[in-house]
1. Of the residues Ile127, Ile193, which is more than 19 Å from Thr39 (Cα to Cα), of a type in the set (Val, Ile, Thr), touching a Pro at 6+ places or on another chain (Cβ under 6 Å) and at pLDDT 95 or above?
2. Please find, among Ile85, Ile102, the residue that is in contact (Cβ under 8 Å) with a residue 24 or more places away in the chain and part of a strand (DSSP E or B).
3. Select from the range 64-103 the residues that are acidic (Asp, Glu) and in contact with a strand residue (DSSP E or B) (Cβ under 9 Å, 6 or more places away or on another chain) and write down the one among them that is surrounded by the most Cβ atoms within 10 Å (Cβ to Cβ).
4. Only residues in the range 65-80 that are over 17 Å from Gly104 (Cβ atoms) and without any contact (Cβ under 8 Å) to a residue 24 or more places away in the chain count as the first member; pair them with residues that are open to solvent by less than 70 Å² (accessible area, probe 1.4 Å) and assigned to a helix (DSSP H, G or I), Cβ under 9 angstrom, at least 6 apart or cross-chain, and list the lot.
5. Where residues in the range 132-175 are free of Cβ contacts under 8 Å to residues at least 12 places away in the same chain and in a helix (DSSP H, G or I), which of them is nearest to the chain's Cα centre (by Cα)?
6. Provide a single number: the residues in the range 180-219 that are of a type in the set (Gly, Ala, Ser) and in a helix (DSSP H, G or I).
7. Could you grab me the full set of residues in the range 108-131 that are open to solvent by less than 60 Å² (accessible area, probe 1.4 Å) and part of a helix (DSSP H, G or I)?
Amino acid sequence: MHPEFWHERWSHDLIGFHRDAPLPLLLKHWPALDLAPDTRVFVPLCGKSLDMVWLAEHGHRVLGVELSEMAVRQFFEERDLLPAIRETAAGRHFVAGAYELIVGDAFALDADVLADCAAVYDRAALIALPPELRRTYAATAWHRLPAASRGLLVTLEYPQAEKAGPPFSVAAAEVHALLDRDWRVDAVERRDILADEPGFVADGVNALSTAVYRVVRRG
């Protein structure tokens, strides 16, 4: 789970976590957040997710952070966008249109970088991390988001002993343990998806659900 792990996944195109369409759960639950169209949305460990495209198409500005420069460059190339590039203490920023993607460490982003993010969307970040890094992630990136920001967190739940992550299983009790100090966390949907994930079935997993949480930063 060192950075080299993710660089290798991208360099060898081992990106089964990348979806070829926006997540239906995003489309279903995002409107209920009632965010202004020009809200800036923080997308941690963003890869080249098409969820960011959906957010931009609905008027939002996207601030993503990703370890892999390859993933970030592919995102802009696939949109036929030529980003401006600049270096800051946070990392290398690629900026074009509604998108600003930082090649850097999500844990190291300070509050100033996140200050104008009134929303967060985490589909694949928390579940990409083992337990000790999940605690660090909650205490850094999530903790530094501004008061009253709100968004969606999407997790997976399955018997962890049946499969090695990532993606990891993150149960509701852990979500609350990680976030309740700083966030109001409300489960809005839990769905059995085992039949839709043949890779998990092939690995011997007997139960698999996805959960969606609506989160609001306490202030």
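1. Values: Ile193 fails: touching a Pro at 6+ places or on another chain (Cβ under 6 Å).
Criteria check complete, one pass: Ile127.
2. Ile102
3. The selected residue is Glu66.
4. From the range 65-80, no pairs qualify.
5. In the first step, residues of the range 132-175 are kept if they are free of Cβ contacts under 8 Å to residues at least 12 places away in the same chain; the result is 132, 139, 160-161, 164, 173.
Going one step further and asking which of them are in a helix (DSSP H, G or I), we end up with 132, 139, 160-161, 173.
Values: Glu132: 17, Ala139: 16, Gln160: 20, Ala161: 24, Ala173: 19 Å.
Across the range 132-175, the extreme among qualifying residues is Ala139.
6. Just the residues of the range 180-219 that are of a type in the set (Gly, Ala, Ser), to begin with: 187, 195, 199, 202, 204, 207, 209, 211, 219.
Cutting the leftovers down to in a helix (DSSP H, G or I) gives us 195, 199, 202.
Adding up the residues that qualify gives 3.
7. Ala111, Val113, Leu114, Leu126, Ile127, Ala128, Pro131, listed by residue number.
Table: residues versus (1) more than 30 Å from Asp80 (Cα to Cα); (2) not hydrophobic (A, V, I, L, M, F, W, C).
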residue: Glu100; (1), (2): no, yes
residue: Val113; (1), (2): no, no
residue: Pro130; (1), (2): yes, yes
residue: Arg134; (1), (2): yes, yes
residue: Ala139; (1), (2): yes, no
residue: Pro159; (1), (2): yes, yes
residue: Ser169; (1), (2): yes, yes
residue: Asp186; (1), (2): yes, yes
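The values are calculated or read from the model by the stated rules, or taken from the named source; none is laboratory data. Nothing here was measured: the structure is a model prediction, and the numbers come from that model. Every residue, glycine among them, receives a Cβ derived from its backbone with ideal geometry; neighbour counts consider all protein chains shown. Accessible surface areas use protein heavy atoms only, side chains included; no ligands, DNA or RNA. Shrake-Rupley method; radii C 1.70, N 1.55, O 1.52, S 1.80 Å.
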